[in-house]
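Okay, structure first, notes after.
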Amino acid sequence: MMKIFLIGFMGCGKSTMGKKLAVKLGYEFIDLDHQIEKSLDTTIAAYFSTHGEAAFRKLESETLKNFDYPANAVVATGGGAPCFFDNMEWMNANGLSVYIEMSAAALAKRLEGGKEKRPLLRDLNEAQMIEFIESKLLERDVFYKRALVTVNGISLTADAMRAMILSRQ
Ligand SMILES: Nc1ncnc2c1ncn2[C@@H]1O[C@H](COP(=O)(O)OP(=O)(O)OP(=O)(O)O)[C@@H](O)[C@H]1O
Ligand SMILES: O=C(O)C1=C[C@@H](O)[C@@H](O)[C@H](O)C1
Ligand SMILES: [Mg+2]
């Protein structure tokens, strides 16, 4: 039984690379943001605006810990998930956490076109976005760095991730 938790800032590639990694490993892929949206029957962005971030964080933590995971899974977590409650400790106790690390500048470039579905970014202009990513990344880095494995998100391939993960098992 193996659960791999992909963590990192919005845009680092948890969903994109997670799907590819799951195929390589023959594991199932679970995207916790999608699971939350499915259970709410609305988008995270809509939930944020009606219920606020604190309510979302509670729901996120409950979903992470109570999800009925398949035996072997690659799990893409939400960008903020490791930074609230004891979520990071829980992931490390229940699987292998993998931090996809990227600089604020590289993340800002990636996120330019995908702001609408990300409630923390949707109202920011270009200058505000870089500023926000820099400060949020600084604040979150201490949590992300608790991951058991760290990979660089630039030019990342599923093969490289697979090799790194298998070397840890
Ligand atoms: N390894 C990669 N190389 C190039 N582009 C990538 C890579 N991984 C992801 N991307 C692109 O970056 C964008 C963000 O990726 P993705 O949605 O997977 O990030 P995420 O970490 O799941 O973000 P969130 O926390 O908001 O869900 C997408 O446009 C995706 O196509
Ligand atoms: O970084 C964050 O705080 C978030 C990232 C997304 O994955 C979603 O979980 C949500 O938009 C919040
Ligand atoms: Mg995602």
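Of VAL98, LEU111, SER39, which is farthest on the positive side of the dipole of the chain, counting Cα position, with +1 on Lys and Arg Cβ, -1 on Asp and Glu Cβ, and the Cα centre as origin?
It is VAL98.
So how many Lys-Lys pairs in segment 54-153 land under 21 Å Cα to Cα, not counting same-chain pairs under 8 apart? The partial results should precede the final answer.
On the way: LYS58/LYS117; LYS58/LYS136; LYS65/LYS145; LYS109/LYS117; LYS109/LYS136; LYS115/LYS136; LYS117/LYS136; LYS136/LYS145.
Count of close lysine pairs: 8.
Kindly state, to the nearest 0.05, the FRET efficiency for LYS65 paired with ARG162, given R0 = 25 Å and r defined as their beta-carbon distance. Kindly include the intermediate steps, with their values, before the conclusion.
Values: r = 26 Å, r/R0 = 1.05.
Efficiency, from the Cβ-Cβ distance: 0.45.
Neighbour counts of other C-beta atoms within 10 Å: give me ASP159, ASP31 arranged from fewest to most. Working shown, then result.
Working: ASP159 11, ASP31 19.
Ranking ASP159, ASP31 by Cβ neighbours within 10 Å, fewest first, gives ASP159, ASP31.
If you place +1 on the Cβ of every Lys and Arg and -1 on the Cβ of every Asp and Glu, how big does the dipole about the Cα centre of segment 9-59 come out, in debye to the nearest 20? Present the calculation step by step, with values, prior to reporting the outcome.
Details: 7 positive and 6 negative charges, 48 e Å.
I would put it at about 240 debye.
Find the centroid of the Cα atoms in segment 42-106 and in segment 138-160, then give the distance between the two in whole Å.
Cα centroid of segment 42-106 versus Cα centroid of segment 138-160: 15 Å apart.
Quick check on the exposure proxy: order THR42, THR150 from fewest to most C-beta atoms within 10 angstrom. Could the numbers behind the result be given before it?
Values: THR42 13, THR150 16.
Starting with the residue having the fewest Cβ neighbours, the order is THR42, THR150.
Please state the charge dipole magnitude for the chain, taken about the Cα centre, from unit charges on C-beta atoms (+1 on K and R, -1 on D and E), reported in debye and rounded to the nearest 20. All intermediate terms of the calculation are to be shown ahead of the outcome.
Working: 21 positive and 21 negative charges, 97 e Å.
Value, rounded to 20: 460 debye.
Modelled label-to-label distance, GLN35 and VAL142, 7 Å Cα→beta-carbon offset: nm?
With each label placed 7 Å out from Cα toward Cβ, I get 2.8 nm.
Using a 10 Å cut-off around each Cβ, can you sort ILE100, ILE7, ILE44 from fewest to most neighbouring Cβ atoms?
Numbers: ILE100 26, ILE7 29, ILE44 20.
Ranking ILE100, ILE7, ILE44 by Cβ neighbours within 10 Å, fewest first, gives ILE44, ILE100, ILE7.
List the aspartates and glutamates whose Cα lies under 16 Å from the Cα of LYS38, skipping any in the same chain that are fewer than 8 positions away.
Within reach: GLU60, GLU62, ASP68.
Between PHE56, ASN72, ILE30, whose Cα lies farthest towards the positive end of the dipole of segment 1-76 when Lys and Arg beta carbons carry +1 and Asp and Glu beta carbons carry -1, centred on the Cα centre?
The residue sitting most towards the positive pole is ASN72.
No lab work stands behind these numbers, since they all come straight from the coordinates. Computed from a predicted structure; not experimentally measured. Here Cβ is always computed from backbone atoms with ideal geometry, including for glycine, and neighbour counts include all displayed protein chains.
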